[in-house]
Amino acid sequence: MSMIDESRESMPTATQSATTLPSKTKARRLSGRPDWHEYLPYIALALILIAVEITVPGARSYSGFALLLSASTAAILAAMAQMFIITAGDIDLSLGAFVGLINVLCATQLEKNPAIAIGAMIVSLLAYVLMGVIIHARRIPSIVVTLGASFVWLGIAILVLPSPGGEAPGWLIGFFNLNPPLIPLPVVIAVAAGAFGHIFMMRTAYGVILRGMGGNAKAIRRAGWSLLRGYIALYAVAAVFGILAGVAVTGLTTAGDANVSLDYTLLTIASVILGGGEFTGGKAAPFGTVIGAITMSLAGSLLVFLQLSPDYQLGVQGLILILVLAARSTGKRKEA
Amino acid sequence: MTTTRVWLSNRPWVWPFAAAVLTWLVTVYVASGRGATATLSAAALLSVFYVVVGMGQMFVIASGNGNIDLSVPYTMTLAGYLSMGYMQGQNGGLLVGILIGLICGLVVGLLNVAMIRALRMPPIIATLAVGYIAQSAATTYSHGSVAKPSPVLANYATAEVFGVPIMSITFVLVAIAVGILLARSTFGRSVLAYGQNARAAWLAGVKIQGTVTMCFVISGVFAGLAGVLIGAYAGGAALNIAIPYQLGSIAVVVLGGSSITGGKANVPGIWGAALFLTLLVNMLNAMGIGAAFRDIIQGLIIVAVLAIAGGESER
């Protein structure tokens, strides 16, 4: 999908961006010249950590660190979900609502009727995959379908739990309060999520195919792979991470609220992009995404520490996204 | 038989109008005949907001190439606050107040274009990011401000002649003007040409930059106008009043028979789809179906219509 990228009234060709970009990155990699853009997520995280350290003394201790990061656990899992979708060249504008739906299902059913809760989660997973199938089988832009789907998820979530409430099962709350020795639980989850994404997308043969679909779907199809099956795989993995994020929200907030997770939509997109993902698809950066998610949620916490109203949360996320893309595009312009 | 089919395929607006009539008939049936005309006039009034934002969104979507404006509801909210905040419920601030709303939309539209152009952001993300900043600005502004419309404007937004809302009449006329602009002007033809095939349009000498900028600016200004109108109708600006119009602005364009991938746009269909959506909400209300179900049904209808219509053909 090419954007209005004809900035100098040059001849717009559909293949232009697809052919020039990979060769440029390849040339850079071959020349062995490190590109500072690859460190962008780490620079951003370092800046945020320094800012947190200045505003909240004591954040460096085990408990302080665990507390700071615990809020980002759900964001990390949700961002991984978004990463799989963006790798496919799509964008999921329904992810926040989907996480909210799972959160509400957990808070209302998991304690009393675990079977119903798990059944409902499986149905949600299938519905999410169906969304991906509709997008690709009918060749409709993912934005509109996912925006439509977000109303479906939110509507169902509000039907299940009209006002915030419910209760997370004790074992779930207990799990998220675990204090493993030396390494805080949020770090364990972050590394595990990143490692899974990395191994699945970067180290398995099928992962190469899935990334290739986002880069050049036609080539993958001509090589004899089923694109639809690939999209189903990506949406299914994304759904699993979306569900895990919903479970994490339940464990961390100890209750259900259909609306509390809605912010995850932009937050996860920003995390993926900050982490090094590309909107055009085909490029997965699992560890970058994790770093991006931590940075974005720490930026949110920082607002709280600075006693700024949560009203600014959305605006700040939008601003960070713009700044990151600005930083990236300036550097790339000069090289081009 | 074939002539009917050709006639229909050239007039995709027939479907949303037919759906609107059907929903209206069901509503009247459910209410056992009571308030048949009142339902229609209320729907005609509420449709105006969908039509206004829909016409802006139509230009953006028609320009194809992944263009979409997700900042619509946030622009509406901010424009509503700034405009009503200036009016302070007084007639003296009427014209300047409206102008402020329109300028607010203009600025958001230009910001959207700047992000897309300078930072090469996909329109989805650029408009969402700019929109969130606008929403934060509106939230900040909303604290402790009096945002009430001027009485003249509020009166205009609710007045009727012979049972027909004046605002609806106004925007039927505006829609006709927009339809002519789209079908007959160089700009309108450029938008459609660019949406159909960017390369061909460029070769034909379409000024792509200006055309796309104009589309986003129109969308911003219409969103600003809608923000002023809905504030006037509701008796004041509110933070969450515009939420339905993010999906709604896209829905009326798509349901109205415009192509979601661009290059094909239909103005009368927007009115039909807006009437259908408002009558649908009305019908579900009459049936005693709650807000959550309405969201689900609206979402499903939009996805279903898209799935049936299909997107871009394989090249």
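The values are calculated or read from the model by the stated rules, or taken from the named source; none is laboratory data. Since the model is a prediction, treat every value here as computed from it, not as a measurement. So basically every Cβ, Gly included, is an ideal-geometry build from the backbone, and we count neighbours across all protein chains shown. We work out accessible area using only protein heavy atoms, side chains counted, and drop any ligands, DNA or RNA first. Shrake-Rupley method; radii C 1.70, N 1.55, O 1.52, S 1.80 Å.
Take every Cα-Cα pair in chain B and report what % of them are more than 29 Å apart.
36
Relative to the isolated chain, which residues of the stretch A:254-288 have their accessible area cut by 40 Å² or more in the presence of all protein chains (1.4 Å probe, heavy atoms, no ligands or nucleic acids)?
Residues of the stretch A:254-288 that lose at least 40 Å² of accessible area once the other chains are added: A:266, A:279.
Can you list residues whose amide H is under 5 Å from residue B:164's amide H, if they're 5+ apart or on another chain and H is modeled 1.01 Å from N?
Under 5 Å from the amide H of residue B:164: no residue qualifies.
Taking a probe of 1.4 Å and counting only protein heavy atoms, give the total accessible area buried between chains B and A in Å², rounded to the nearest 100.
Protein heavy atoms only, the B-A interface buries about 4800 Å².
Relative contact order of chain B: what whole-number percent is it, with Cα pairs under 8 angstrom and at least 6 residues apart? Don't skip to the answer; put the middle values down first.
Working: 545 pairs, mean separation 110.3, N = 315.
So the answer I get is 35 percent.
May I ask for the distance between the Cα centers of the stretch A:231-269 and the stretch B:3-30, given as a whole number of Å?
Cα centres, the stretch A:231-269 to the stretch B:3-30: 39 Å.
What distance in nm separates the simple spin-label points at residue B:146 and residue B:30, each placed 7 Å from Cα in the Cβ direction?
4.1
What is the calculated FRET efficiency for residue A:116 to residue B:99, with r their C-beta to C-beta distance and R₀ = 45 Å, to the nearest 0.05?
Working: r = 56 Å, r/R0 = 1.25.
The computed FRET efficiency comes out at 0.20.
Residue by residue through the stretch A:72-78, what is 3J(HN,Hα) from phi via Karplus (6.51 cos²θ - 1.76 cosθ + 1.60, θ = phi - 60°)? Round to whole Hz and write x for glycine and proline.
In residue order, the calculated couplings are 8, 4, 5, 4, 4, 5, 5 Hz.
Note the direction-averaged projected area, equal to a quarter of the hull surface, for the Cα convex hull of the stretch A:186-322, in nm². Kindly include the intermediate steps, with their values, before the conclusion.
On the way: hull surface 36.6 nm².
Averaged projected area of the stretch A:186-322's Cα convex hull equals 9.2 nm².
Roughly speaking, what is the centre-to-centre gap between the stretch B:48-113 and the stretch A:57-120 when only Cα atoms are used, to the nearest Å?
Taking the Cα centre of each part, the stretch B:48-113 and the stretch A:57-120 sit 34 Å apart.
Looking at the calculated P(r) for the protein assembly as shown, what percent of the C-alpha pair distances fall above 31 Å?
Here the long-distance tail beyond 31 Å is 53 percent of all Cα pairs in the protein assembly as shown.
Report the calculated FRET efficiency for residue B:118 and residue A:227 (r = Cβ-Cβ distance, R0 = 25 Å), to the nearest 0.05. Don't jump to the answer; show the numbers that get you there.
Working: r = 34 Å, r/R0 = 1.34.
The value I calculate is 0.15.
Of A:214, B:40, B:132, which is farthest along the charge dipole of the protein assembly as shown in the positive direction, counting Lys and Arg as +1 and Asp and Glu as -1 at C-beta?
The Cα lying farthest towards the positive end belongs to A:214.
Using the alpha-carbon centroid of each, what span in Å lies between the stretch A:124-200 and the stretch B:249-310?
27
Over the stretch A:165-300, what is the relative contact order in whole percent, taking alpha-carbon pairs under 8 Å and six or more residues apart?
Worked out over the stretch A:165-300, it gives 33 percent.
May I ask you to evaluate 6.51 cos²θ - 1.76 cosθ + 1.60, the Karplus curve with θ = phi - 60°, for each residue of the stretch B:256-269 and list the ³J(HN,Hα) values in order in whole Hz, giving x for glycine and proline?
After applying 6.51 cos²θ - 1.76 cosθ + 1.60, I find x, x, 7, 7, 5, 8, x, x, 9, 9, 9, 7, x, x Hz.
Taking only pairs that are 8 or more places apart or on different chains, how many Lys pairs in the protein assembly as shown have Cα atoms under 23 angstrom apart?
Number of lysine pairs found: 12.
Relative contact order of chain A, please, whole-number percent, based on alpha carbon pairs below 8 angstrom and at least 6 residues apart.
Details: 507 pairs, mean separation 108.3, N = 336.
Over chain A, the number comes to 32 percent.
Quantify how strongly other chains surround peptide A:318-328 by giving the mean number of their Cβ atoms within 10 Å of each of its Cβ atoms.
5
Taking a virtual spin label 7 Å from the Cα of residue B:291 along the C-beta vector, which residues in the stretch B:230-258 bring their backbone nitrogen under 14 Å of it?
Inside the label zone: B:239-245.
From the helices alone, meaning DSSP H stretches of at least four residues, give me the mean residue ellipticity at 222 nm for chain B, per-run term -39500 (n - 2.57), in deg cm²/dmol to the nearest 500.
-25000 deg cm²/dmol
From largest to smallest, what semi-axes in whole angstrom does the stretch A:207-267 give when each is the square root of 5 times an eigenvalue of its alpha carbon gyration tensor?
Numbers: eigenvalues 230, 24, 13 Å².
The equivalent ellipsoid of the stretch A:207-267 has semi-axes of 34, 11, 8 Å.
Using only Cα atoms, what is the ratio of the radius of gyration of the stretch B:209-315 to 2.2 N^0.38 Å?
Details: Rg = 15.7 Å, N = 107, 2.2 N^0.38 = 13.0 Å.
For the stretch B:209-315, the normalised Cα radius of gyration comes out at 1.21.
Measure off 7 Å from each Cα along the Cα-to-Cβ vector at residue A:196 and residue A:218, then give the distance between these two points in nanometres to one decimal.
Roughly 3.6 nm, to one decimal.
Tell me the Kirkwood radius of chain A: reciprocal of the mean inverse pair distance over distinct alpha-carbon atoms, in Å. Before the final figure, lay out each step's value.
Values: mean 1/r = 0.0484 Å⁻¹.
Evaluated on chain A, it is 20.7 Å.
Once amide H atoms are built 1.01 Å from N in the peptide plane, which residues 5 or more positions from residue A:278, or in another chain, come under 5 Å H to H?
Here the answer is A:283, since their amide H atoms fall under 5 Å of that of residue A:278.
Ignoring ligands, DNA and RNA, what percent of the accessible area of the protein assembly as shown is carbon or sulfur (1.4 Å)?
On the way: 18540 of 27100 Å².
That share works out to 68 percent.
With runs of 4+ DSSP H residues as the only contributors, calculate the mean residue ellipticity of chain A at 222 nm using -39,500 (n - 2.57) per run, divided by the residue total and rounded to the nearest 500. Could you put the intermediate results ahead of the total?
On the way: 14 runs with 232 residues, N = 336.
So the calculated ellipticity at 222 nm is -23000 deg cm²/dmol.
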